[in-house]
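The values are calculated or read from the model by the stated rules, or taken from the named source; none is laboratory data. Just so we're clear, the structure is a prediction, and the values are computed from it rather than from any experiment. We place every Cβ from the backbone using ideal geometry, glycine too, and count neighbours over all the protein chains shown. Surface accessibility is based on the protein's heavy atoms, side chains included, excluding ligands, DNA and RNA. Shrake-Rupley method; radii C 1.70, N 1.55, O 1.52, S 1.80 Å.
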Amino acid sequence: MAQLEKIFLNDDENKKLERVFINELDKLDNKRVMLRGWVHKITDLSHIVFVKLRDKSGIVQLVCDKDQIKNIRLENAIEVIGTKCENEKAPGGIEIKVEEIKVVGKTYYEKLPFEVNSYKNKATLETQLDHRTIALRRPEIRAIFKVQSEIESAFITYLKERNFEEIHTAKIIDSSTEGGSEMFTVNYFDRRSFLAQSPQFYKQMMVGAGFERVFEIGHAYRAELHNTWRHLNEYVSLDVEMGFIKDEYELMDLEEGFINYLYEHLNKTCKKELEMYKIELPQKVNIPRITLDKAHEILLEKYNKKSPLGNIDAEGEVLISKYVKEKYDCDFVFLTKYPVSKRPMYTMMDDEDKNLTKSFDLIFDGLEITTGGQRIHDYEMLKENIIKFNLNPDDFDFYLETFKYGMPPHGGFAIGLERLTMKILKLSNIREAALVPRDMKRLTP
Ligand code: AMO
């Protein structure tokens, strides 16, 4: 090792070499290259050794002799200098004939917690989450987060192109936004505070502050006692709020536009990752809009399924998706006009039926991924509604103030990022789509 390092430092030509990523190899003119990454696999054929090198962009085959890999173990971080050669049999048609190989990050394990280089990995999800950074080294798991990061990019670009501005609002707050008791409390010096369930109030306030159109990508906290495949206690919320809207249908149009934009974007940027999960995204999505009442009728007539009053349960979400898939060949459906009693106090009542609201949910392949709607923008009306919900308007002074000074008609929606990722890739558990998931039992890693 010490000797190898010496050779590296003294070799001027080597010093000039700049590290390249594996996915750049086929575009490079130069034959001598320097690569960095992890040892993915070692295949010892006695006279020759093949080492698969993995970096963030891909995997390439290294051809080494026995001496060169004496100190090399699986998952060592290494630096390699070698010559690029074409070889039809090598993955990607390229291999590297190694001149020098150096360990830059040692390993200290006796046995890996599970195989990183095998698709037949049998470790349970819990074990993989316990050793998250090792699990994330597996290309198909990293692929989930490549897709997730492209979802965020698409969200940002789509909204910026439509004159929305990105904001970041406080997550340590003084009062509940979504109602209910699902709040984490935090000691805030000598007071009690909460972790935000959503940026709801702040995104509305920023519309009123003159931003007109805002979005936020941020964490949301729910102290829900649901330890299920679709609930996290900390998740990432993609929030949108838009001023001067006509009605809630404008918001649904905006979200439908986003889904189409997103699919086009993912088809361009995540081809490899979508293939890994055998996902084909449709070219065009036309999302049907069905009132909640109508959905209840359909569920009863077609599936003999009774629904909870004014709502739809998990089984209902699956069945209504099945119906929409068969009838409209669409994986999405907007459910509209939820009753006042099932929506938070800020939700605007329907024009025709005051027991209903101008709100909606978006169901994607059997799972709610979005809630949205038009909000009450009139100060007196909002104050009255807060009282109707048995809440004290004084507790919402900071929120209500904005409404005294010309609050435009407005509305918005929020998409759960992990839920959207999970459904796009057809994962079976939301934890797979969270880098470091927080559920009722998990507070580490
Ligand atoms: P809601 O409470 O329905 O609405 O949340 C919006 C979306 O956030 C995601 N989500 C969750 N994801 C994982 N685990 C959870 N425990 C969890 N809870 C919610 C879902 C859900 O559809 N302020 C409103 C939005 C708005 O009207 O703008 C709100 O937060 O995908």
For 29, 439, 378, what's the largest-to-smallest order of accessible area, 1.4 Å probe? 29, 378, 439
For the peptides 12-25, 263-276, what is the packing order when you average, over each peptide's residues, the other Cβ atoms within 10 Å and list the highest mean first? 263-276, 12-25
Evaluate the distance, in nm, between pseudo-label points positioned 7 Å from the Cα of residue 397 and of residue 190 along their respective Cα→Cβ axes. 1.8
Most to least packed among 212-220, 344-352 [average Cβ atoms within 10 Å]: 212-220, 344-352
Calculate what fraction, in whole %, of the accessible area of the stretch 363-445 sits on carbon and sulfur atoms when a 1.4 Å probe is rolled over the protein chains. 51
Quote the Stokes-Einstein diffusion coefficient, in whole µm² s⁻¹, for the stretch 215-359, based on the Kirkwood radius over alpha carbon pairs, a temperature of 4 °C and a viscosity of 1.567 mPa s. 73
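If I compute solvent accessible area with a 1.4 Å probe over the protein chains, what percent of it on the stretch 2-105 is carbon and sulfur?
Accessible surface attributable to carbon and sulfur in the stretch 2-105 totals 50 percent.
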Do the sum for the chain: with -39,500 (n - 2.57) for every DSSP H run of n ≥ 4, divided by all residues, what is the mean residue ellipticity at 222 nm, to the nearest 500 deg cm²/dmol? -9000 deg cm²/dmol
Can you compute the modelled spin-label distance between residue 66 and residue 24, with each label point 7 Å from Cα toward Cβ, in nm? 3.6
Per residue, how large is the accessible surface of the chain? Use a 1.4 angstrom probe and give square angstrom. 51
Please give, to one decimal in nm, the separation of the simple spin-label points placed at residue 57 and residue 152, each 7 Å out from Cα toward the Cβ. 2.1
Förster radius 30 Å - calculated FRET efficiency between residue 269 and residue 368 (Cβ-Cβ, nearest 0.05): 0.70
Considering only the stretch 18-69, percent of DSSP beta bridges that pair antiparallel, nearest 5: 95
Projected onto the charge dipole of the stretch 28-85 (+1 at Lys/Arg Cβ, -1 at Asp/Glu Cβ, origin at the Cα centre), which of 57, 76, 46 gives the Cα projection farthest towards the positive end? 57
If the label point sits 7 Å along Cα→Cβ of residue 181, residues of the stretch 406-442 with amide N under 20 Å come out as 440-441
Across 120/441; 342/388; 52/426; 171/404, pairs whose alpha-carbon gap is larger than 18 Å: 120/441; 52/426; 171/404
Sort the following peptides by mean Cβ neighbour count (other Cβ atoms within 10 Å, averaged over residues), highest first: 384-395, 246-257. 246-257, 384-395
What is the extension gain from residue 17 to residue 322, computed as 0.36 nm multiplied by their sequence separation minus the C-alpha to C-alpha distance, in nm to one decimal? 104.2 nm
Which of the aspartates and glutamates could be linked to residue 306 by a straight reach, that is with a Cα gap under 15 Å, when you skip same-chain ones fewer than 8 residues away? 293, 297, 315, 317
Within the under-9-Å Cβ sphere about residue 247, not counting residue 247, Lys/Arg +1 and Asp/Glu -1 give a net charge of -1
First compute the accessible area of the stretch 207-324 with a 1.4 Å probe, then give the percent of it belonging to carbon and sulfur atoms. 51
For the chain, the Cα-Cα pair-distance distribution in 10 Å bins from 0, as whole percents, is 4, 17, 24, 21, 14, 11, 6, 2, 0
To the nearest Å, what is the center-to-center distance of the stretch 188-267 and the stretch 68-140, using C-alpha atoms only? 38
Filter the cross-link list 203/272; 56/278; 15/56 down to pairs whose alpha-carbon distance in this structure exceeds 32 Å. 203/272
